[in-house]
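Worksheet for the structure shown next.
We did not get these values from a lab; they are worked out from the coordinates using the rules stated. Computed from a predicted model, the values in this text were never measured in an experiment. FYI the Cβ positions are ideal-geometry reconstructions off the backbone, even for glycines, and counts take in every protein chain you see.
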Amino acid sequence: MKIEKISRSKVKIELSFYDLKANHISYKQLDCNDPDTKRFISLLVQNIRQKVDIDLSTSRLFIEAFEQPDGGCILYISSMPDRSLSDPFRLQGETRPRGQRYQSVFESVVGEFDSIDAVSQLCLSLYSNYSHLVHKSHLYLYRNRYRLVVETMSRLDKKLEILFNEYGRFTGRGVVHKARTAEYGSLIVADCAVERLVEVLC
């Protein structure tokens with residue numbers, strides 16, 4: 001287990017498959033309503049306080065979870081002050097409370113490439129540097145070119161734009177560009193295109 005302090009109210013935790021197994025939990029089991037998940041998060045909060053001197057026990061928590069290829073996962077745990085503690089855990093994807101607004105965590109970013117080699121090289125660079133921030137990725141054949149749609153954490157979308165322009169062409173971001181690509185393109189790989197192309201290269 002590796003705990004990294006991001007800010008005074010946010011930490012990053014890298015958990016291996018064996019870390020999860022030792023705590024009798026798995027990535028797919030993580031659920032804010034699951035008693036085992038709540039027990040596990042409570043233990044993590046204790047470890048966070050001991051190792052990086054951040055006390056998250058008095059705040060409601062917002063938790064982002066990202067599965068890793070080795071069976072482990074990466075968690076981002078943030079405190080949400082001035083909220084009721086009757087339900088202290090909120091995993092990404094839970095319905096937002098009425099009247100409460102948050103910036104969307106994920107952004108769809110679309111790039112177009114002349115060859116599958118260019119897409120593969122982009123995926124290798126993306127996977128090497130930012131794999132923990134990629135939620136899903138889809139590869140399409142689009143008018144004799146290749147289009148890659150990456151659903152990523154919003155703070156990565158600017159870096160992706162630069163990467164796309166290095167290996168091909170950035171075409172846009174958001175649900176409209178994603179939907180247009182899905183409507184007019186032919187799907188080649190769904191959900192895990194980045195990982196699949198990296199597997200081929202390696």
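Quickly rank 193-199, 112-118 as a protection proxy: mean count of other C-beta atoms within 10 Å, highest first.
On the way: 193-199: 19.1, 112-118: 15.9.
Those peptides, ordered most packed to least, come out 193-199, 112-118.
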Review point. Once both labels are modelled 7 Å past Cα along the beta-carbon direction, what's the E161-S186 spacing in nm?
Key: 3.2 nm
Point to revise | Spin-label model distance (nm) - S42 vs S7, 7 Å beyond Cα toward Cβ | key: 2.8 nm
**Study point:** Computed label-point distance, nm, for sites S131 and S16 using a 7 Å Cα→Cβ extension
**Key:** 1.5 nm
Exercise for review: Would you mind getting me the FRET efficiency between N23 and N144? Use the beta-carbon distance for r and R0 = 41 Å, nearest 0.05.
Suggested key: 0.25
Check your understanding: Which order do peptides 120-127, 21-28 fall in by mean Cβ count within 10 Å, highest first?
Key -> 120-127, 21-28
